[in-house]
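Here is the structure we will look at.
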Amino acid sequence: MSHAVTVRHNFETAHRLPHLPGKCVSLHGHSWWAEITVTAPALESGLVVEFGPFKRAVRVWIDEHLDHGVMLGPDDPLLPILRTHGKVYEVPGWPTVENVAALLADVGADALHKLRRAPGAGVTRVHVQETHVNAATWNAPRLDGSTG
């Protein structure tokens, strides 16, 4: 048996994917929604992780780094230009919804390890929705190397 909690947060962020064909080569924005799930094999004092501090840590990071900013890849020629004009976050690889989900898994894991939590608690799933019809999910690898 295991227990899980999920926190949600939304943010407004622009990005572009100039390495892919199609309309996403242009700079454009989305109203993103992120759900970060933490799972533990058993509860500690009745909880997986305290909601308040975990939500606060994740939301502060998102608001400081992503909200009302732009996400760009490290090879994007706009990166040095836009850095001098506002909030820019360099996403490893490119700011695809898949990479943003993996990024937020790392953010959630970093936040979790600084908080009171049940033994063995970890980020197991991150679901990021960039539009009403486009989303990606990151799942933690299982001990056998598979995801799910």
- Task: With the condition kept exactly as written, say whether any residue in segment 10-17 is in contact (Cβ under 8 Å) with a residue 24 or more places away in the chain, at negative phi, within 12 Å of the chain's Cα centre (by Cα) and assigned to a strand (DSSP E or B).
- Result: yes
- Of the conditions (1) in contact (Cβ under 8 Å) with a residue 60 or more places away in the chain; (2) touching a Ser or Thr at 6+ places or on another chain (Cβ under 7 Å); (3) part of a loop (DSSP other than H, G, I, E, B), ASP67 fails just one. Which one is it? (1)
- Item | Qualifying positions in segment 108-133 - buried (at least 17 other Cβ atoms within 10 Å of the Cβ) and out of contact with any strand residue (DSSP E or B) (no Cβ under 8 Å at 6 or more places or on another chain) | ALA111
- Task: Tell me, please, whether a residue that is within 29 Å of PRO18 (Cβ to Cβ), of a type outside the set (Gly, Ala, Ser), in a loop (DSSP other than H, G, I, E, B) and touching an Asp or Glu at 6+ places or on another chain (Cβ under 7 Å) can be found in segment 71-93.
- Result: yes
- Exactly one of (1) crowded, with 19+ Cβ neighbours inside 10 Å; (2) out of contact with any helix residue (DSSP H, G or I) (no Cβ under 9 Å at 6 or more places or on another chain); (3) small (Gly, Ala, Ser) is unmet by ALA102. Its number? (1)
- Item | Which listed residue is in a helix (DSSP H, G or I), within 16 Å of VAL7 (Cβ to Cβ) and basic (Lys, Arg), from LYS55, LYS114 | LYS55
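Could you tell me whether ALA105 is touching a Phe, Trp or Tyr at 6+ places or on another chain (Cβ under 9 Å), within 18 Å of VAL60 (Cα to Cα) and touching a residue at least 60 places away in the same chain (Cβ under 8 Å)?
Values: touching a Phe, Trp or Tyr at 6+ places or on another chain (Cβ under 9 Å): yes; within 18 Å of VAL60 (Cα to Cα): yes; touching a residue at least 60 places away in the same chain (Cβ under 8 Å): yes.
So ALA105 passes the test.
Laboratory data are not the source of any read-out in this text; all were calculated from the coordinates shown. These figures come from a predicted structure and were not determined experimentally. Note that we place each Cβ from the backbone using ideal geometry, even for glycine, and neighbour counts take in every protein chain shown.
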